[in-house]
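Participant: Below is a structure I'd like to ask you about.
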Amino acid sequence: MTPRNDAAPSILLRGGRLIDPSQGLDETGDLLITGGVVEAHGRLGEVRRDGAAQPEIVDVRGRVVSPGFIDVHCHLREPGREEVETIATGSRAAAVGGFTAVCAMPNTDPVTDNQAAVGFIIRQAQRAGGAKVYPIGAISMGQQGQTLAEFGEMVGAGAVAVSDDGRPVASAQLMRTALEYARTFGIPVADHCEDPTLALGGAMNEGVMSARLGLRGIPAEAEEIMAIRDILLARLTGGHIHLCHMSTKGSVELIRWGKERGINVTAEVCPHHLSLTEAAVEGYDTNAKMNPPLRTAADVAALQEAVKDGTIDVIATDHAPHHYDEKEREFADAPNGIVGLETALAVNLTWLVHGGSIGLPLLIERMSCAPARLFHLPGGTLRAGSPADVTVFDPDASWTVDPAKFRSKGRNSPYAGQTLRGTVAMTLVDGRVIHRA
């Protein structure tokens, strides 16, 4: 049970479609929030409080009310690259996208590899007043892949996982030790699966299109070799390996193999890998350059099926803002990454739900309930007594993506100019409205 904050406002969300996979809930009704926690849901009728302020009534008919979305993989760039993004701008962008919490990757400058750096991120997030921010600490000092960071101190300061994302952990021995050490703290090790020798110099998926465009490719095997190595090390150690931003059909098959054998492996996929193929690189569009790269239609289909059958546990954004000038370079020289916090819901709705692959409850499970459960975070449920981290959205409303209107400082989106379906009406964190359309 979450302690009530009596200073928080009381809100009654009236007449929405309440969807909470953590309770098997899918019904039309009301959600009452009091003191920053969920008090009740159902057909509540008139709510009167003797001698106390009456709840604000918000009509949400025709909209979905769900546990707040949680992004377990984003890059907020602070400290070190505040001209690109800050914790404040990133957490506000998250709120606009319906995210009530995000996990910040450690590839900052300096790297988040100690308790002071973890504490800084938490303090900055509290000042920002947007979505909650949970730091992820580095696996190795400076993300250099040589010496293990001090997991215990970082977890004690508030880190919820460890990762060297942006760089693969090349040493199998270091990854083995990381999994053993992380197991004692009950946290996942999130790995960027990439064999650096196979991927070296690559700019897009290796195949016919890379050959035609004259760009060096990254083969699917660069990801898959590291994925199976990590799965085997998780089997050896009993640690929890979380595979970041999966992009290939082969990776899906390997994760399925591991899960069938009871290995503690979980995995995420990003909206862009569920919706776009390497064809988006046509014309050398650097906003379609990312790592792992966009793959083939067969890979997209396999990833969508993996979201449906549970092989892929989580949909995460890998939000990675870059300055305009950086993305204006030659394709091979441009940095990898796209922004995703403000488009994730609409992309997932457009391609997965409206595309007929999955239903709304399963999408909410992958974007809210599973992230909370696997990373041991508050939220991910509308149960009475839980934190009132809530997202209200219209799954059918259409809008055209205009990066100039993003709350993020980043504008690097491959969806610019596209019409998507799904808008966020309201985002609440601990019962406090942090975004209202």
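The values are calculated or read from the model by the stated rules, or taken from the named source; none is laboratory data. Fair warning: this is a prediction, and the values are worked out from it, not measured in the lab. Cβ sites come from the backbone with ideal geometry, for glycine too, and all protein chains shown count toward neighbours.
Participant: With the requirement that a residue be within 21 Å of N287 (Cα to Cα) and among the β-branched types (V, I, T), what does the range 234-275 give you?
Facilitator: Residues satisfying the conditions are T248, V269.
Participant: Against the conditions (1) part of a loop (DSSP other than H, G, I, E, B); (2) closer than 24 Å to H319 by Cβ, where does L215 fall short? Just the number, please.
Facilitator: Unmet for L215, out of (1) part of a loop (DSSP other than H, G, I, E, B); (2) closer than 24 Å to H319 by Cβ: (2).
Participant: Might you let me know whether the range 190-197 holds any residue that is of a type in the set (D, E), assigned to a helix (DSSP H, G or I) and in the same structural domain as T296 (by TED's automatic domain parsing)?
Facilitator: No - not one qualifying residue is present in the range 190-197.
Participant: Taking the criterion of being crowded, with 23+ Cβ neighbours inside 10 Å and in the same structural domain as G283 (by TED's automatic domain parsing), would at least one residue in the range 352-363 satisfy it?
Facilitator: Within the range 352-363 (the criterion being crowded, with 23+ Cβ neighbours inside 10 Å and in the same structural domain as G283 (by TED's automatic domain parsing)), the answer is yes, since at least one residue qualifies.
Participant: Do any residues in the range 353-370 that are polar (S, T, N, Q) have Cβ atoms under 9 Å from those of residues that are surrounded by 18 or more Cβ atoms within 10 Å (Cβ to Cβ) and in a helix (DSSP H, G or I), where the two are at least six apart or on different chains, and which pairs are they?
Facilitator: Listed by first residue and then by second, the contacts come to S357/L274; S357/Q304; S357/V307; S357/W351.
Participant: What residue, among those in the range 331-342 that are out of contact with any helix residue (DSSP H, G or I) (no Cβ under 8 Å at 6 or more places or on another chain) and in contact (Cβ under 8 Å) with a residue 24 or more places away in the chain, is nearest to G283 (Cα to Cα)?
Facilitator: Across the range 331-342, the extreme among qualifying residues is A332.
Participant: Tally up the residues in the range 44-94 that are part of a loop (DSSP other than H, G, I, E, B), touching a Lys or Arg at 6+ places or on another chain (Cβ under 9 Å) and either at pLDDT below 95 or among the basic types (K, R) (or both), please.
Facilitator: Here the count works out to 6.
Participant: Among the residues in the range 181-188, are any surrounded by 15 or more Cβ atoms within 10 Å (Cβ to Cβ), closer than 21 Å to V72 by Cα, at pLDDT below 95 and of a type in the set (G, A, S)?
Facilitator: There is no residue in the range 181-188 that is surrounded by 15 or more Cβ atoms within 10 Å (Cβ to Cβ), closer than 21 Å to V72 by Cα, at pLDDT below 95 and of a type in the set (G, A, S).
Participant: Can you pull out every residue in the range 205-254 that is in contact (Cβ under 8 Å) with a residue 12 or more places away in the chain and basic (K, R)?
Facilitator: Residues satisfying the conditions are R216, R229, R235, K249.
Participant: Still on this structure: Do we find that V102 is closer than 17 Å to D430 by Cα, in contact with a Cys (Cβ under 8 Å, 6 or more places away or on another chain) and in the same structural domain as V347 (by TED's automatic domain parsing) in this structure?
Facilitator: Judged against the criteria, V102 is a match.
Participant: Please enumerate the residues belonging to the range 350-377 that are among the hydroxyl-bearing types (S, T, Y) and closer than 16 Å to T100 by Cβ.
Facilitator: S368
Participant: Give the residue, chosen from R81, R92, that is more than 19 Å from V160 (Cα to Cα), surrounded by fewer than 24 Cβ atoms within 10 Å (Cβ to Cβ), in contact with a helix residue (DSSP H, G or I) (Cβ under 8 Å, 6 or more places away or on another chain) and assigned by TED's automatic domain parsing to the domain that holds H319.
Facilitator: After applying the criteria, what remains is R92.
Participant: Would you call D113 in a loop (DSSP other than H, G, I, E, B), surrounded by 18 or more Cβ atoms within 10 Å (Cβ to Cβ) and in contact (Cβ under 8 Å) with a residue 60 or more places away in the chain?
Facilitator: Judged against the criteria, D113 is not a match.
Participant: Next question. Step by step: first the residues of the range 139-161, then only those that are touching a Leu at 6+ places or on another chain (Cβ under 9 Å) and without any contact (Cβ under 8 Å) to a residue 60 or more places away in the chain, then the one that is farthest from R229 (Cα to Cα). Which residue is that?
Facilitator: Ranking the candidates gives M141 first.
Participant: Being touching a Lys or Arg at 6+ places or on another chain (Cβ under 6 Å) and among the small types (G, A, S) is the filter; apply it to the range 389-437 and report the residue that is farthest from E342 (Cα to Cα).
Facilitator: By that ranking, first place goes to S398.
Participant: Here is a follow-up. Just the residues that are of a type in the set (A, V, I, L, M, F, W, C) and at pLDDT 85 or above, please, taken from the range 1-43.
Facilitator: I11, L12, L13, L18, I19, L25, L31, L32, I33, V37, V38, A40
Participant: Same structure, new question: Select, from V155, V133, V160, the only residue that is assigned by TED's automatic domain parsing to the domain that holds T248 and part of a loop (DSSP other than H, G, I, E, B).
Facilitator: V160
Participant: Quick one: H376 ticks every box in (1) of a type outside the set (F, W, Y); (2) buried (at least 24 other Cβ atoms within 10 Å of the Cβ); (3) assigned to a loop (DSSP other than H, G, I, E, B) bar one, so which box is it?
Facilitator: (2)
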